[in-house]
Number of protein chains: 2
Amino acid sequence: MSKGKKLVEEITSMDEDFAQWYTDVVKKAELIEYSSIRGCMIIRPYGYAIWENIQKQMDADFKATGVENVYMPMFIPESLLQKEKDHVEGFAPEVAWVTHGGNEKLQERMCVRPTSETLFCDFYSNIIHSYRDLPKLYNQWCSVVRWEKSTRPFLRSMEFLWQEGHTAHATAEEAEERTIQMLDVYADFCERVLAIPMIKGQKSEKEKFAGASSTYTIEAMMHDGKALQSGTSHNFGDGFAKAFDIQYTDKNNKLQYVHQTSWGVSTRLVGAIIMVHGDNSGLVLPPRIAPIQAMIIPINQKKEGVLDKAYELKDRLSSFKVKVDDTDKSPGWKFSEQEMRGIPIRIEIGPRDIENNQAVIVRRDTREKLLVSMDEIETKVSEVLDKMQADMLERARSHRDSHTYIAKDMDEFEDIIKNKTGFIKAMWCKDEACEMEIKERTGATSRCMPFEQEQIDDKCVCCKKPAQDMVYWGKAY
Amino acid sequence: MSKGKKLVEEITSMDEDFAQWYTDVVKKAELIEYSSIRGCMIIRPYGYAIWENIQKQMDADFKATGVENVYMPMFIPESLLQKEKDHVEGFAPEVAWVTHGGNEKLQERMCVRPTSETLFCDFYSNIIHSYRDLPKLYNQWCSVVRWEKSTRPFLRSMEFLWQEGHTAHATAEEAEERTIQMLDVYADFCERVLAIPMIKGQKSEKEKFAGASSTYTIEAMMHDGKALQSGTSHNFGDGFAKAFDIQYTDKNNKLQYVHQTSWGVSTRLVGAIIMVHGDNSGLVLPPRIAPIQAMIIPINQKKEGVLDKAYELKDRLSSFKVKVDDTDKSPGWKFSEQEMRGIPIRIEIGPRDIENNQAVIVRRDTREKLLVSMDEIETKVSEVLDKMQADMLERARSHRDSHTYIAKDMDEFEDIIKNKTGFIKAMWCKDEACEMEIKERTGATSRCMPFEQEQIDDKCVCCKKPAQDMVYWGKAY
């Protein structure tokens with residue numbers, strides 16, 4: 001029995017138990033290892049390489065819009081966390097408290113940052129004086145801690161890696177513009193690089209960030225039909241500025257409060273990649289985010305010349321991220337490992353291929369095989385990777401669209417929830433009571449009021465009073 | 001009065017008060033801002049950009065030696081920290097303790113990592129089983145916390161950014177080889193990129209890392225003659241492996257303990273750059289680490305065509321990191337800012353220069369002015385940057401060498417300490433009593449036993465018993 005076969009057998013089928021399939025994949029593809037610290041995961045090299053690729057490409061996107069990186073302390077004194085009322089109410093119940101330094105008890109306890117609005121506000125109140133100091137467009141890549149009750153790798157962990165952008169602007173308009181701009185950067189990145197289509201919209205009052213005046217979100221549909229909030233962008237108005245006294249002198253020499261935003265994505269995105277693209281053989285990585293884009297697998301590699309040809313091919317393909325699997329495992333085992341790890345293509349090359357000046361390219365997503373002449377291998381690899389990237393986005397989009405339903409009344413709503421998986425588009429009066437009732441009756445939450453509104457009906461799906469917005473509803477991670 | 005002049009006036013002279021000069025530079029060059037958390041600094045965009053450049057280039061150096069990045073939890077349960085006796089004794093007095101999560105008291109308190117040996121060992125004991133699993137060459141970029149009594153930006157702060165490499169090997173030889181290899185990577189990086197020459201050597205038993213069997217170090221001399229330990233590489237032997245039970249089955253099917261190493265550099269390196277290269281006008285950055293390599297400063301920029309020419313020049317120099325200072329400040333002010341921020345060269349371009357098809361390049365370190373024809377500006381900029389990089393290294397080396405003295409007895413030793421600043425080379429018997437006595441009498445500590453030994457004398461500088469090693473001694477940060 002090859003280990004490859006065994007690897008595959010060990011994964012639970014995704015249709016049988018999606019949650020277990022997910023856990024199997026993150027472990028068997030060696031993305032993470034559980035640690036002895038409750039709710040904290042170890043991100044292994046292959047998982048971290050995916051995050052590094054996200055960071056590298058997204059950081060360039062940020063910088064292209066004028067954002068600069070900084071690093072803020074990881075601790076927040078209790079008094080600082082308490083300065084903005086809504087914010088502290090939202091976060092205080094779920095922070096880790098440092099009470100002792102060395103052998104001494106601290107005079108004031110500090111929490112490990114769950115998010116850094118308060119730190120940035122304190123900083124901004126010291127460095128912003130005049131309209132010349134604006135805007136401030138700062139971001140940091142760091143880890144944050146939230147004392148979650150139940151945790152899952154990448155999706156919800158006590159400590160997680162993320163970026164948090166924090167900006168300060170002279171006007172409300174500018175702040176709103178930046179809030180939307182960063183949401184667009186996120187959505188564009190997810191579609192272009194991760195091959196995940198996003199629904200952009202606004203969160204309800206109930207679902208918005210603690211302390212924000214409005215929260216925007218990108219929502220993706222996972223393979224099991226559930227929603228994953230994949231990134232958020234908040235407009236704070238001047239609420240934090242008033243709490244932290246961040247004022248500047250405008251051109252007319254008058255004191256004004258700044259307007260602020262914050263926005264973040266996290267290692268959750270790795271979870272999204274797994275749950276949108278994965279299949280029963282493991283991970284499937286979009287070529288643009290894959291740490292290894294092609295695995296060359298020599299067939300009959302002990303035969304003279306085969307390994308040399310494989311290395312030669314690797315050199316020819318140096319503009320891609322390519323590796324040769326030259327271990328002493330069997331080809332079948334290597335195939336299974338390459339599939340489990342979601343490497344976009346494998347290139348099989350054996351004695352007969354060499355004789356015929358050809359190689360076999362196998363796509364990970366469709367398993368389509370292409371017999372390719374060595375003379376045009378660079379072009380073909382490039383074409384296959386591009387095609388696969390585009391196909392993965394289209395497949396995810398069509399999966400989402402075919403799992404999106406319309407409900408005009410609660411009977412329809414409950415029927416869909418009971419018999420199908422996916423998103424429900426339904427009208428809403430904007431009364432929180434209806435939002436709560438829907439959640440209680442169906443388990444679905446309001447995911448967002450999408451920017452692209454449709455006039456499905458003129459009445460609220462729940463109370464039948466006049467509707468204000470179409471909302472995407474769904475069960476969520 | 002131009003603000004430029006004022007900026008310069010505000011710096012303390014380095015000969016008058018080096019510590020105050022340092023503090024002035026980190027603040028005025030906008031590298032850091034103090035935070036309201038004791039001993040924690042905010043790294044501002046310009047300071048963080050230097051660290052990003054260090055990370056980017058050093059990370060590539062690591063990866064070229066087969067190292068892979070991971071991410072480990074930031075918390076260490078108390079019982080895990082206590083597993084290796086020397087290690088816990090070294091670190092427990094200076095850690096931050098988390099005792100509460102949300103509103104609940106933890107059953108076992110956890111510290112914020114001061115370093116992650118214990119976490120990596122716990123991880124390795126789970127994933128290493130066979131000789132096929134070795135070596136493991138892992139690294140992480142993260143922040144760590146040490147409850148320091150007195151702190152200084154970049155040099156010693158409660159929280160700081162660093163990388164920590166942790167490797168596991170089948171044999172003692174392989175571990176020792178890796179320990180030295182990473183020290184070489186550090187020293188080479190510092191010379192090549194930061195223009196800081198390093199003395200490579202071994203730490204004494206007293207100065208070695210808590211839990212290590214041997215510690216190697218790179219030591220640099222700052223402008224004030226003091227030493228800065230700039231990076232360390234530790235060989236743990238199998239001490240941690242025994243404490244954490246990290247065993248593998250070798251080729252003969254026998255259980256063996258692994259041999260481990262760890263190695264790290266931190267944002268301290270930014271402090272080293274400041275203190276080795278800075279002058280009374282502020283920072284001086286080596287071209288290879290500078291976030292901005294050239295600042296184009298238009299002269300008489302309101303005159304038609306001047307700004308256009310400046311932007312045109314920027315486009316032509318796009319293979320360098322170039323900016324145009326097109327603010328409405330005066331040229332003198334811009335010059336001072338460029339000098340304060342240590343931007344390697346400025347390029348002055350005014351109406352007469354345009355007429356004569358030329359520009360003026362001014363080197364930050366020597367202030368040398370070069371009148372350069374526009375026809376060869378790319379080549380000249382490249383030459384000047386290369387020359388400056390090389391000159392800075394040579395200047396630092398000759399400063400160090402001319403501030404390194406030999407002492408054959410304690411009278412000479414004390415005389416040098418009293419009247420000069422710098423390193424002292426002296427022989428040592430390897431008895432800790434002498435090391436302690438020297439420290440008490442002179443304030444100098446043993447920096448390292450350099451790999452390049454010299455036979456200065458055959459007797460210990462202190463006790464006159466037979467000497468074993470030549471040691472570099474010095475006052476240190």
* Among the candidates B:Val284, B:Val270, B:Val276, single out the residue that is at pLDDT 95 or above and part of a loop (DSSP other than H, G, I, E, B). => B:Val284
* To do: List the strands (runs of 3 or more DSSP E) that sit entirely inside segment A:57-117 and contain at least 3 residues that are over 25 Å from the mean Cα position of the chain (by Cα) and of a type in the set (Val, Ile, Thr).
  => none
* What number of residues within segment A:139-161 satisfy the criterion of being out of contact with any helix residue (DSSP H, G or I) (no Cβ under 7 Å at 6 or more places or on another chain) and within 27 Å of A:Gln247 (Cβ to Cβ)? -> 1
* Name the one entry in B:Ser143, B:Ser125 that is within 12 Å of another protein chain (Cβ to nearest Cβ), modelled with pLDDT of 95 or more and not in a strand (DSSP E or B). => B:Ser125
* To do: Kindly establish whether B:Lys314 is basic (Lys, Arg), in a strand (DSSP E or B) and modelled with pLDDT of 95 or more.
  => no
* Boolean, B:Met427 is among the hydrophobic types (A, V, I, L, M, F, W, C), out of contact with any strand residue (DSSP E or B) (no Cβ under 6 Å at 6 or more places or on another chain) and either in the same structural domain as B:Ser204 (by TED's automatic domain parsing) or modelled with pLDDT of 95 or more (or both) -> no
* To do: Can you work out which of the residues in segment A:66-84 that are more than 7 Å from chain B (Cβ to nearest Cβ) and either more than 22 Å from A:Val145 (Cβ to Cβ) or β-branched (Val, Ile, Thr) (or both) is surrounded by the fewest Cβ atoms within 10 Å (Cβ to Cβ)?
  => A:Gly66
* Asked: Got a sec? Which of A:Arg367, A:Arg395 is of a type outside the set (S, T, N, Q), within 33 Å of the chain's Cα centre (by Cα) and assigned by TED's automatic domain parsing to the domain that holds A:Lys334?
  -> A:Arg367
* Structure fact -> B:Ser116 meets each of (1) under 20 Å from A:Val144 (Cβ atoms); (2) surrounded by 20 or more Cβ atoms within 10 Å (Cβ to Cβ); (3) within 10 Å of another protein chain (Cβ to nearest Cβ) with one exception, condition (3)
* Taking into account only those residues within segment A:9-65 that are more than 30 Å from B:Leu80 (Cβ to Cβ) and within 11 Å of chain B (Cβ to nearest Cβ), which is surrounded by the fewest Cβ atoms within 10 Å (Cβ to Cβ)? -> A:Lys56
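So which of A:Pro45, A:Pro73 is touching a Cys at 6+ places or on another chain (Cβ under 6 Å), modelled with pLDDT of 95 or more and not hydrophobic (A, V, I, L, M, F, W, C)? Give the steps one after another, and end with the answer.
Working: A:Pro45 fails: touching a Cys at 6+ places or on another chain (Cβ under 6 Å).
That would be A:Pro73, the only listed residue that is touching a Cys at 6+ places or on another chain (Cβ under 6 Å), modelled with pLDDT of 95 or more and not hydrophobic (A, V, I, L, M, F, W, C).
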* **Contacts under 8 angstrom Cβ, first residue in segment A:381-398 being surrounded by 14 or more Cβ atoms within 10 Å (Cβ to Cβ), partner part of a helix (DSSP H, G or I), 6 or more apart** => A:Met392/A:His277; A:Leu393/A:Glu191; A:Ala396/A:Val276; A:Ala396/A:His277
* Residue tally, condition among the acidic types (Asp, Glu) and facing chain B (nearest Cβ under 7 Å), over segment A:85-95 -> 1
* Please state which of the following conditions B:Ala227 fails to meet, knowing it meets all the rest: (1) buried (at least 20 other Cβ atoms within 10 Å of the Cβ); (2) touching a helix residue (DSSP H, G or I) at 6+ places or on another chain (Cβ under 9 Å); (3) closer than 24 Å to B:Arg156 by Cβ. => (2)
* Looking only at segment A:325-341, decide whether some residue is of a type in the set (Asp, Glu), at pLDDT below 95 and under 25 Å from A:Lys302 (Cα atoms). => yes
* Members of segment A:96-109 found to be facing another protein chain (nearest Cβ under 7 Å) and in contact with a strand residue (DSSP E or B) (Cβ under 7 Å, 6 or more places away or on another chain), listed by number -> A:Ala96, A:Trp97, A:Val98, A:Thr99, A:His100, A:Gly101
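The values are calculated or read from the model by the stated rules, or taken from the named source; none is laboratory data. Quick caveat, the model's predicted, so the values are computed rather than measured. Ideal geometry is used to build each Cβ from the backbone, glycine not excepted, and the neighbour counts take in all protein chains shown.
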